[in-house]
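The values are calculated or read from the model by the stated rules, or taken from the named source; none is laboratory data. Model, not experiment: these values are computed from the prediction. Glycine gets a Cβ as well: all are built from the backbone with ideal geometry, and neighbour counts include every protein chain shown. When the accessible area is computed, the model is the full protein with side chains, heavy atoms only, and any ligands, DNA or RNA have been set aside. Shrake-Rupley method; radii C 1.70, N 1.55, O 1.52, S 1.80 Å.
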Amino acid sequence: MKIGVFDSGVGGLSVARAIEHALPGHSVLFRHDNPAHFPYATKTPDEIFGFAVPVIQSLVDDGCQVVVIACNTVSTTLIG
C-alpha cells in the first residue's frame, strides 16, 4: 500500500519516517507545500484550502490509498 504524508513544511518528515519504521512493508510518499506559502497559521481557511488540496491531490494521483495530514494548521482549520 502507498501511504501519503502531507505537511505545509518539512516537519512532517518525522511522521513519514515513523510510519516507514512502523509499517516497513508499505511505501511512504512525503509531500510539502511551497515555502512561499509559509506560515500557514497566518492564512485564511480559503487560502489554506487552496494551498493544501493540490498537494494532497498529487498524493492521491500517485496512488496513495491513505493520506496522513501531518500539518496541525490544516487539521484544525479544514478538518473540523
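Where Lys and Arg each count +1 and Asp and Glu each count -1, what net charge lies around Leu13 among other residues with Cβ under 11 Å from its Cβ?
Details: positive: Arg17, Arg31; negative: Asp7, Glu20.
Counting the neighbours of Leu13, the net charge comes to 0.
If I model a spin label at Val10 and Ser58 as a point 7 Å from the Cα along the Cα→Cβ vector, what separation in nanometres do I get?
Here the modelled spin labels are 1.6 nm apart.
Suppose all protein chains stay in the model; what accessible area per residue would a 1.4 Å probe give for the chain, in Å²?
Details: 4610 Å² over 80 residues.
Roughly 58 Å² per residue, with all protein chains present.
Based only on Cα atoms, what mean projected area does the convex hull of the chain have, in nm²?
Its average projected convex-hull area is 4.9 nm².
Once the Cα atoms of helix 13-22 and of the chain are each reduced to a long axis, what angle between those two axes, in degrees from 0 to 90 to the nearest 10, is obtained?
Approximately 30 degrees, to the nearest ten.
If you fit an axis through the alpha-carbon atoms of helix 45-61 and take the longest principal axis of the Cα set of the chain, what angle between them do you get, 0 to 90°, nearest 10?
Approximately 20 degrees, to the nearest ten.
Using a 1.4 angstrom probe on heavy atoms only, work out the carbon and sulfur share of the accessible area of the chain in %.
For the chain, the apolar C and S fraction of the accessible surface comes to 59 percent.
Between Glu47 and Glu20, what length in nm is gained on full extension when 0.36 nm per residue of separation is reduced by their alpha carbon distance?
6.7 nm
Taking the Cα-to-Cβ direction at Phe38 and at Gln65 and moving 7 Å from each Cα, how far apart do the two end points lie in nm?
The modelled label-to-label distance comes out at 3.4 nm.
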